[in-house]
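Written below as structure tokens is the structure these notes are about.
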Amino acid sequence: MPSIWELLTDAAIPAVAIVASTWIAVRLARSERQQAAEARAAEQRELTAMREAERRAAQTDRENARRDRIIEELVELFAMLIAAPPTAEDLPPTIRAVRAKLLTLGSVPSASALADWVGARTPDAAPARAADGTETETDTPSVADWADEMIGTITAWTRGETSDDDLRAGAAGERTT
């Protein structure tokens, strides 16, 4: 019969070595799986953040293009008013077109201050005119002067020379007076 020492050296030590090496291998594999899962999760978060940034940039580009198109149309309406001052009959449809463009422009968040400012200064009706069709002397500026002021402010705003805060303050002051 073998002695305990022989059993220990012949069976137990190799069994412990196998169990220990297996335990170490299992721990290393588990650690590698956790690291790989964390790396995949980090990569997924990074891809999600990149896609979100691209989506926001595309949305901003679309909004800016829409804003710029509406502003161009507004400037064209104002330029028509400067180039050929309308008769009293022509003015209300043009003012309605300006107001429609302003409503559309106001729906673009980056241009709402400009839309409010121009809207606060857009007349409700044509200036008073004499019987011969010329404008009468009033405190209101002529349509051409008003349109010129609007183009000037829109141009200054698009160049960054006038801030949204300046426009908001001007629009609020115009509504209260």
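Within region 27-43, track down each residue that is among the aliphatic types (A, V, I, L, M) and open to solvent by 70 Å² or more (accessible area, probe 1.4 Å).
Listed by number, the list holds a single entry, L28.
Confirm whether T136 is at pLDDT 90 or above and open to solvent by 40 Å² or more (accessible area, probe 1.4 Å).
no
Among the numbered criteria (1) charged (D, E, K, R); (2) open to solvent by less than 60 Å² (accessible area, probe 1.4 Å); (3) more than 25 Å from I154 (Cβ to Cβ), which one does E73 miss?
With (1) charged (D, E, K, R); (2) open to solvent by less than 60 Å² (accessible area, probe 1.4 Å); (3) more than 25 Å from I154 (Cβ to Cβ) applied to E73, the lone miss is (3).
The values are calculated or read from the model by the stated rules, or taken from the named source; none is laboratory data. Every value quoted in this text rests on a predicted model; they were computed, and no experiment measured them. Every residue, glycine as well, gets a Cβ built from its backbone with ideal geometry; the counts of neighbours run over all protein chains shown. Ligands, DNA and RNA are stripped out before the accessible areas are found, and what is left, the full protein with its side chains, is counted by its heavy atoms. Shrake-Rupley method; radii C 1.70, N 1.55, O 1.52, S 1.80 Å.
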